[in-house]
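Worksheet: the structure to be examined is printed underneath.
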Amino acid sequence: MFSKEKNFFGGHGIVGGQIGIGTGMAYAQKYREDDDVTLCFFGEAAVNQGIFHESLNMAQLWKIPCIYICENNRYGMGTSQARAMSTRNIAKKAESYGIANEFVDGMDVMAVRQATERAIERGRKESLPTLLEMRAYRFMGHSMSDPGKYRTPEEIKTFQTRDPIVLFRESLVEAGVISDEEFELIEKRAADKTADAVEFAENSPFPDESELFTGIYAD
Ligand SMILES: Cc1ncc(C[n+]2csc(CCOP(=O)(O)OP(=O)(O)O)c2C)c(N)n1
Ligand SMILES: [Mg+2]
């Protein structure tokens, strides 16, 4: 997924690769002296990659307005954070580079929004980076072929009670912003859109062999 028009620069197959790319994009924004900042998303497993540390060091040294958003969902494929990382607190890792950081409840939509706004303001006003660690949970397996034997059903059940979509829906209904009926309509619209996309994909012909290298190299 990639959309240059919407300034969305896609997902990348190499875990952590986007941290260097995001830092470079934010450097370009600073260089052009525009008001933009970059939001760079990655998982907790990516924090163990060298590029995370190299990028954060440069970002603070050169005052690059990159907002590093670590979605800590506790698992990288089938490996828990506890088995792969010597310390647990990711937000604090930013301190060794002198970078502002926040630990955020990633299950709370408004907390995520507010912390992101604070980081964006820091980026815009002071041209400084921020590291946000958003603690969440991965409800599904890593892929369709992941039986998820590395965690207990109890653990999943515990986190299901804190599903951010369900909690946000409840708080919106409670505040009178939206009714249950309106929410169901939104869900139905999303389900219909997905079903249409699946039907379109299944009814589409396979691409021709000549397409094999399309989009791989720059023209
Ligand atoms: C350099 C590299 N090593 C291994 C992989 C295989 N791989 C794909 S996703 C993944 C785990 C990523 O976990 P995390 O960063 O926590 O992101 P999440 O999927 O949990 O959001 C791994 C190891 C890869 N794509 N790139
Ligand atoms: Mg993860």
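For the stretch 125-142, a residue qualifies if it is exposed (fewer than 14 other Cβ atoms within 10 Å of the Cβ) and either assigned to a helix (DSSP H, G or I) or over 17 Å from the mean Cα position of the chain (by Cα) (or both), and the qualifying residues are LYS125, GLU126.
Going through (1) more than 10 Å from ligand 1 (Cβ to nearest atom); (2) without any contact (Cβ under 8 Å) to a residue 12 or more places away in the chain one by one, ILE14 falls short only on (1). For the stretch 37-71, taking the residues that are among the acidic types (Asp, Glu) and touching a residue at least 40 places away in the same chain (Cβ under 8 Å), the one that is surrounded by the most Cβ atoms within 10 Å (Cβ to Cβ) is identified as GLU44.
Being over 21 Å from MET1 (Cα atoms) and assigned to a loop (DSSP other than H, G, I, E, B) is the filter here; which residues of the stretch 174-207 pass it? If the condition is that a residue be over 21 Å from MET1 (Cα atoms) and assigned to a loop (DSSP other than H, G, I, E, B), then ALA175, GLY176, VAL177, ILE178, SER179 are the ones that fit.
Per-residue answers, yes or no, for (1) within 15 Å of ligand 1 (Cβ to nearest atom); (2) closer than 30 Å to THR152 by Cα; (3) not assigned by TED's automatic domain parsing to the domain that holds PHE103:
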position: GLN18; (1), (2), (3): yes, no, no
position: GLY22; (1), (2), (3): yes, no, no
position: TYR27; (1), (2), (3): no, no, no
position: ARG32; (1), (2), (3): no, no, no
position: PHE52; (1), (2), (3): yes, no, no
position: SER55; (1), (2), (3): yes, no, no
position: TYR68; (1), (2), (3): yes, no, no
position: ASN73; (1), (2), (3): yes, yes, no
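The set of residues in the stretch 16-28 being in contact with a helix residue (DSSP H, G or I) (Cβ under 9 Å, 6 or more places away or on another chain) and surrounded by 17 or more Cβ atoms within 10 Å (Cβ to Cβ) consists of GLY16, GLN18, ILE19, GLY20, GLY22, THR23, ALA26, TYR27. If you check ARG169, ARG118 for being among the basic types (Lys, Arg) and either in a loop (DSSP other than H, G, I, E, B) or outside the structural domain of SER55 (by TED's automatic domain parsing) (or both), only one passes: ARG169.
The set of residues from the stretch 143-164 being in a helix (DSSP H, G or I) and polar (S, T, N, Q) comprises THR158, GLN160.
Among the residues that make up the stretch 1-10, is at least one of them away from ligand 2 (no atom under 16 Å from the Cβ), exposed (fewer than 15 other Cβ atoms within 10 Å of the Cβ) and within 24 Å of TYR137 (Cβ to Cβ)? Yes, the stretch 1-10 contains a residue that is away from ligand 2 (no atom under 16 Å from the Cβ), exposed (fewer than 15 other Cβ atoms within 10 Å of the Cβ) and within 24 Å of TYR137 (Cβ to Cβ). The residues of the stretch 11-32 that are away from ligand 2 (no atom under 16 Å from the Cβ) and either among the β-branched types (Val, Ile, Thr) or touching an Asp or Glu at 6+ places or on another chain (Cβ under 6 Å) (or both), listed by number, are ILE21, THR23, GLN29.
The values are calculated or read from the model by the stated rules, or taken from the named source; none is laboratory data. The shown structure was predicted, so the numbers you read here are calculated from the model rather than taken from an experiment. We place every Cβ from the backbone using ideal geometry, glycine too, and count neighbours over all the protein chains shown.
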